[in-house]
Amino acid sequence: MASTPKASTDVPSIAAEAVLAKSDFDSTNATVVKGYDFNNGIDHHALLSSYTTCGFSATKFGLAVQEIIRMINKKLEVPVEDITDFNSHTNRRLSNCTIFLGLTSNLVSCGVRETIRYLVEHNMVDCLVVTAGGVEEDFIKCLGNTYMGAFDLPGKDLRRRGVNRIGNMLVPNDNYVKFENWLMPILDQMLEEQNSQGMKWTPSKVIHRLGKEINDKSSIYYWCYQNNIPVFSPALTDGSIGDMLYFHSHKTSGLVLDIVEDVRKMNNQAVTAKHSGMIILGGGLVKHHVSNANLMRNGADFSVNVNTGQEFDGSDSGAPPDEAVSWGKIKMDATPVKLCADASFAFPLIVAETFARYQQQFDQRLEKEKSLPKKAA
């Protein structure tokens, strides 16, 4: 009987070479991937700080925090008492870094409103760009509450009950009726001032006036009014405010809003900036309006985008920062960050790691600025 050949114990060389290929990698200056060790206790600052070395979107979060801290440090680099230049269109002192904050309306509809209000209350940003809903939802919340609901509540049932759904939140339609009752007399007064005083209204002037009229410290635009932070909304008619302007035009026609004056003001925010930082939450109009203004100065020095848009469809919303570099909207030597995330959970955490940690410096700066001479008329 023939003996069975003994099987080779040698690994085929082609397999060994493929699986056991040698690395050509210098780890001397490389960052080690490491997450947070909960054996060290519950330390939320340490947890969020560890995201930088966690990998994936967590690292993008950490990089976004670092980029915003660079904006803040650049802004605070020059003491407010040493600033003698003013923006001629807004009469705000020109800090060493003008920070633009762009946001979509859903962030005011949800609880991120309180985060945005915190930033303007403490004068931490210099300019807001918002959609129409981002304006009216703030005032509507001063007049009536928004409630938690669910994403899958049947639209037909809600419509019959006069309840509007924003994602998993519910807004009784009565809130919009309250908004109309509050807004219409103000529009009447604005028209009277236009006709008798020659007042030229723009969307930013309307928002400034409404911030004064609401007189509610829970409002974003109350604090923008108090701290003279300009708010631009080039599509102000695209929402409930537009509905009210439409109704008002049937009652008393003639009120005019000039968007050309506002685009001049907006672009000059960037043109006159010593350094410029962009924080853009969401996409669409606000992303492009902030970015395009910074094109006028050949690009922002700092940039953070937080949205869920993807670039495959060619939309500006989904475009990565490097596309903006090609247009001159972000400087070629900048270190911009795009965090693909829902801003409703990401942005409050970002603020916790950035602006909130500098609140004392901002408050001292604001108090000092109040004691300084205003720009001469």
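The values are calculated or read from the model by the stated rules, or taken from the named source; none is laboratory data. Treat the numbers as computed from the prediction; the structure is a model and nothing was measured. Cβ sites come from the backbone with ideal geometry, for glycine too, and all protein chains shown count toward neighbours. Quick note on the areas: whole protein, heavy atoms, side chains included, nothing else; ligands and nucleic acids left out. Shrake-Rupley method; radii C 1.70, N 1.55, O 1.52, S 1.80 Å.
Of everything in segment 193-209 that's among the hydrophobic types (A, V, I, L, M, F, W, C) and part of a helix (DSSP H, G or I), which residue is farthest from Asn227 (Cα to Cα)? Ranking the qualifying residues of segment 193-209, first place goes to Val206. Candidates Leu349, Leu366, Leu372: the one that is part of a helix (DSSP H, G or I), closer than 23 Å to Val78 by Cβ, open to solvent by 20 Å² or more (accessible area, probe 1.4 Å) and aliphatic (A, V, I, L, M) is Leu366.
Checked against the criterion of being surrounded by fewer than 20 Cβ atoms within 10 Å (Cβ to Cβ) and β-branched (Val, Ile, Thr), the candidates Val271, Val290 yield just one match: Val271. Cβ separations smaller than 7 Å between residues 6+ apart or across chains give the following pairs from segment 214-232 residues that are more than 21 Å from Phe86 (Cα to Cα) to residues that are polar (S, T, N, Q): Tyr222/Asn215. Of all residues in segment 63-96, those satisfying the criterion of being within 17 Å of the chain's Cα centre (by Cα) and of a type outside the set (S, T, N, Q) are Leu63, Ala64, Val65, Glu67, Ile68, Ile69, Arg70, Met71, Ile72. Can you spot a residue in segment 34-46 that is touching a residue at least 60 places away in the same chain (Cβ under 8 Å) and either over 20 Å from Phe362 (Cα atoms) or exposed (fewer than 11 other Cβ atoms within 10 Å of the Cβ) (or both)? Taking every residue of segment 34-46 in turn, at least one turns out to be touching a residue at least 60 places away in the same chain (Cβ under 8 Å) and either over 20 Å from Phe362 (Cα atoms) or exposed (fewer than 11 other Cβ atoms within 10 Å of the Cβ) (or both).
Within segment 178-192, the set of residues being over 12 Å from His248 (Cβ atoms) and open to solvent by 60 Å² or more (accessible area, probe 1.4 Å) comprises Lys178, Asn181, Glu192.
Please determine whether any residue of segment 241-258 is in contact with a Lys or Arg (Cβ under 9 Å, 6 or more places away or on another chain) and closer than 30 Å to Ala334 by Cα. So far as segment 241-258 goes, no, none of its residues is in contact with a Lys or Arg (Cβ under 9 Å, 6 or more places away or on another chain) and closer than 30 Å to Ala334 by Cα.
Selection of first residues in segment 47-75 that are more than 12 Å from Ile99 (Cα to Cα) and open to solvent by 60 Å² or more (accessible area, probe 1.4 Å) and of second residues that are part of a helix (DSSP H, G or I) and not β-branched (Val, Ile, Thr), restricted to Cβ pairs under 8 Å at least 6 apart or on distinct chains, gives the following pairs, ordered by first then second residue: Tyr51/Ala58; Tyr51/Phe61; Tyr51/Gly62; Cys54/Gly62. Say we look at segment 79-101 and pick out the residues that are over 20 Å from Glu353 (Cβ atoms) and either in contact with a Gly (Cβ under 7 Å, 6 or more places away or on another chain) or assigned to a strand (DSSP E or B) (or both); which of these is least open to solvent (accessible area, probe 1.4 Å)? It comes out as Thr98. Kindly evaluate Asp301 against the criterion of being open to solvent by less than 40 Å² (accessible area, probe 1.4 Å), more than 26 Å from Gln66 (Cα to Cα), in contact (Cβ under 8 Å) with a residue 60 or more places away in the chain and among the acidic types (Asp, Glu). No; evaluated as a whole, the condition is false for this residue. Would you check if Asn195 is surrounded by fewer than 14 Cβ atoms within 10 Å (Cβ to Cβ) and in contact (Cβ under 8 Å) with a residue 40 or more places away in the chain? When the stated conditions are applied, Asn195 passes them. If only residues of segment 102-133 that are out of contact with any strand residue (DSSP E or B) (no Cβ under 9 Å at 6 or more places or on another chain) and acidic (Asp, Glu) are counted, the one that is least open to solvent (accessible area, probe 1.4 Å) is Glu121.
Under the condition of being in contact (Cβ under 8 Å) with a residue 12 or more places away in the chain and closer than 20 Å to Thr104 by Cα, which residue from segment 311-328 is least open to solvent (accessible area, probe 1.4 Å)? The qualifying residue least open to solvent (accessible area, probe 1.4 Å) is Gly318.
If the condition is being in contact (Cβ under 8 Å) with a residue 60 or more places away in the chain, open to solvent by 10 Å² or more (accessible area, probe 1.4 Å) and either in a helix (DSSP H, G or I) or in contact with a Lys or Arg (Cβ under 7 Å, 6 or more places away or on another chain) (or both), then segment 137-169 contributes Lys141, Cys142.
May I ask you to verify whether Asn123 is on the phi > 0 side of the Ramachandran plot and either without any contact (Cβ under 8 Å) to a residue 24 or more places away in the chain or not β-branched (Val, Ile, Thr) (or both)? Criteria met by Asn123.
Against the numbered list (1) closer than 27 Å to Ile350 by Cβ; (2) at pLDDT below 95, Ala21 comes up short only at (1). Scanning segment 170-192 for residues that are farther than 18 Å from Gly134 by Cβ, touching a residue at least 24 places away in the same chain (Cβ under 8 Å) and not in a helix (DSSP H, G or I) yields Leu170, Pro172. Scanning segment 246-265 for residues that are of a type outside the set (A, V, I, L, M, F, W, C), within 20 Å of Val290 (Cβ to Cβ) and buried (at least 16 other Cβ atoms within 10 Å of the Cβ) returns Glu261, Asp262, Lys265.
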